[in-house]
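Down below is the structure, laid out as structure tokens.
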Amino acid sequence: MSTIASLDALRAKREEILARQKARANKVLINVSLATCSIAAGGKVALEAMQDEVAVNGLTNVDFMQSGCMTFCFAEPTVEITLPGKEPVVFGGVDEAKARELVTEYVMNGEPVEGIIPVTYQRVIL
Amino acid sequence: MAATTQIKQLRIATRNCGFIDPESLDDYIALRGYEALAKVLTMTPAEVVEVIKTSGLRGRGGGGFPTGVKWGIALSNKADQKYMVCNADEGDPGAFMDRAVLEGDPHSVVEAMAIGGYAIGATLGAVYIRAEYPLAIKRLRLAIDDARAMGLLGKNIFGSGFDFDIEIKYGAGAFVCGEETALIRSMEGHRGEPVSKPPFPAQSGYWNKPTIVNNVETFANIPAIILKGADWFSSIGTATSKGTKVFALAGKIVNVGLVEVPMGTPLREVIFDIGGGCPDGKEFKAVQTGGPSGGALAHKDLDVAIDYESLIARKSMMGSGGMVVMDEDDCMVSVAKFFLDFTMDETCGKCTPCRIGSKRLYEILDKITKGHGTHADLARLKSLCEAIKDTALCGLGQTMPNPILSTMDTFAGEYEAHVTQKKCPAHVCTAMLTYTIDAAKCTGCTLCTKVCPVDCITGTKKQPHVIDASKCIKCGACYDKCKFDSVIKL
């Protein structure tokens, strides 16, 4: 791995990463909150259930990622799902059954599923 | 929860938490990660310090000292080695902001430490983190290793000639080690005990070299300030407190969680609009800010615009950002006792006012909650609090009386009831509590007799029952079980 030795190199690296992220934009992105507390609340169970459901249904257009705290302790485990071309939606209270339902209903059919957490913040993007 | 759809929060310190993979350097770089570091390396250290000064950023760990001023002191102190330290010894009960940042966006802290290192002339950094945060440690370590592998830490960063590296120091969960001089002592391998200031760590700290200790959240703001400018940051907040503050909402609140709001946001908006108020329709009673060093704010304080000064003016403090909400079922004397129990355990014992004072304060509170308090005790409590505030060595001792002083001030009537009428208005202090059965409501269903562990409830089926107060252990099992609200607390 080569090091990033200048600001130009950092910017080039960033462009490369953004291009790679853009290439994935036609896929579903499932982002599971896995901070200490999210894991304690069952975040990993939700992740594994969704991975299993994706495999069972033979879906190939779904990417998974982990993130840290989504700040919604009251609704853990929380999962953010971004369907291609749509705004990300955060779902709360994702137990195993809800996790599977999110895949079969929301991901596969775009059907709304209960437990949506509204966006109550403005986020600074650098 | 309809009100929560309004946009009240502004996320600067937690801008990436929940949005990026904290174990991916690429995810951070995609959001202009490490560009702030590259930018400051084209500036002089004095210029960087000036930007932070102009931004108005103040320490988010509790004290609220202006970060730029602190950095400026370390910059002006010449030394062959200086240190940049991150205080991640988060220890207030109910506070978890720093863990969230470290677990959700560790690179922002790593980058900011390097920026600070350049600004003060330090080539070494250390994160003092409690060992009880294993996942935060794991992700932080990975971030440091990844940054080093890419040349973003180490020698000659961005070809600028600036060297900076970070090591991790583990704390053993001693609350006092969040105090910067105790933290430094602990890093050096000594007992975690504070020393008197001056000299300040910025003059003589870790291994007697100029050392800056900043909190995790303080650091997390820095890359944003560098890239978006000091004027942008200082345009947010109040006259004296700029930017945002992350709070951990806990206790009797519907939307338990992390919130980040601009300084100056009214407390009411945080508790009700964002937090959703108290669960089960209970009445809001108070909120403890500043953890064991802060005070309780009540109804009368709901419209206060939260900033460092407004909280101090109300005998509380910003602290690191814990907000523990209490409802009508909470006894404020017991709350004060809870926090004193904590500080009594956590005092390092070095100075007498804190070591012995905390014990005496706790004993008086305990006496009051057991129904043996007198007016003389209240007077003694207050004067002892004042004495400890004036004489304790470090911040822990000096702020330890705050939960008592603020509750005695705001909830004077509750203390009075404990002492004069020997009653706990919230029915929490069991020593002053009597369970009885309202004969008019009792249907004689006998459920209570089945759950009573000491068989002190008697009565015939379908006839009102009676509790024998001399045998009752006040466990509350009958109260919880009764479907007709016929068991009452007096």
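Where a number appears in this text, it was derived from the coordinates with a stated rule and is not lab data. Keep in mind the model is a prediction, meaning the values are calculated, not measured. Glycine gets a Cβ as well: all are built from the backbone with ideal geometry, and neighbour counts include every protein chain shown.
Going through B:92, B:26 one at a time, which residue ends up being of a type in the set (Asp, Glu) and free of Cβ contacts under 8 Å to residues at least 12 places away in the same chain? Checking each option against the conditions leaves just B:26. Would it be correct to say that residue B:191 is among the basic types (Lys, Arg), farther than 12 Å from residue B:84 by Cα and in a helix (DSSP H, G or I)? For residue B:191, the condition - among the basic types (Lys, Arg), farther than 12 Å from residue B:84 by Cα and in a helix (DSSP H, G or I) - is not met.
Every residue, every condition in (1) closer than 27 Å to residue B:276 by Cα; (2) in a helix (DSSP H, G or I); (3) away from chain B (no Cβ under 14 Å); (4) in contact with a Gly (Cβ under 7 Å, 6 or more places away or on another chain), yes or no:
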site	(1), (2), (3), (4)
A:65	no, no, no, no
A:71	yes, no, no, yes
A:81	yes, no, no, no
A:90	yes, no, no, no
A:101	no, yes, yes, no
A:104	no, yes, yes, no
A:108	no, yes, yes, no
A:111	no, no, yes, no
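Scan the stretch B:105-118 and tell me whether some residue there is touching a strand residue (DSSP E or B) at 6+ places or on another chain (Cβ under 9 Å), within 14 Å of chain A (Cβ to nearest Cβ) and either surrounded by fewer than 24 Cβ atoms within 10 Å (Cβ to Cβ) or under 20 Å from residue B:319 (Cα atoms) (or both). For the stretch B:105-118, residues touching a strand residue (DSSP E or B) at 6+ places or on another chain (Cβ under 9 Å), within 14 Å of chain A (Cβ to nearest Cβ) and either surrounded by fewer than 24 Cβ atoms within 10 Å (Cβ to Cβ) or under 20 Å from residue B:319 (Cα atoms) (or both): present.
Under 21 Å from residue B:206 (Cα atoms) and part of a helix (DSSP H, G or I): which single residue out of B:74, B:36, B:46 fits that description? Matching residue, one of B:74, B:36, B:46: B:74. Could you tell me whether the stretch A:12-28 includes any residue that is more than 13 Å from chain B (Cβ to nearest Cβ) and crowded, with 19+ Cβ neighbours inside 10 Å? The answer is yes; a qualifying residue exists.
Give me the residue from the stretch B:335-352 that is among the hydroxyl-bearing types (Ser, Thr, Tyr) and within 19 Å of the chain's Cα centre (by Cα) and, out of that set, farthest from residue B:369 (Cα to Cα). Selected residue: B:347. The single condition among (1) touching a residue at least 40 places away in the same chain (Cβ under 8 Å); (2) closer than 30 Å to residue B:36 by Cα; (3) assigned to a helix (DSSP H, G or I) that residue A:25 does not satisfy is (3). Checking each residue in the stretch B:356-395 for being buried (at least 16 other Cβ atoms within 10 Å of the Cβ) and under 23 Å from the mean Cα position of the chain (by Cα) picks out B:357, B:358, B:361, B:362, B:365, B:385, B:388, B:389, B:392, B:393, B:394, B:395. Give me the pairs: first residue in the stretch B:142-170 and within 10 Å of chain A (Cβ to nearest Cβ), second residue β-branched (Val, Ile, Thr), beta-carbon distance under 6 Å, and six or more apart or on different chains, which are they? If the second residue must be β-branched (Val, Ile, Thr), the pairs left are B:147/B:110; B:150/A:3; B:150/A:4; B:151/A:3; B:151/A:4.
Looking at B:310, B:293, just one residue is surrounded by 24 or more Cβ atoms within 10 Å (Cβ to Cβ) and either closer than 20 Å to residue B:241 by Cβ or within 14 Å of chain A (Cβ to nearest Cβ) (or both), and that residue is B:293.
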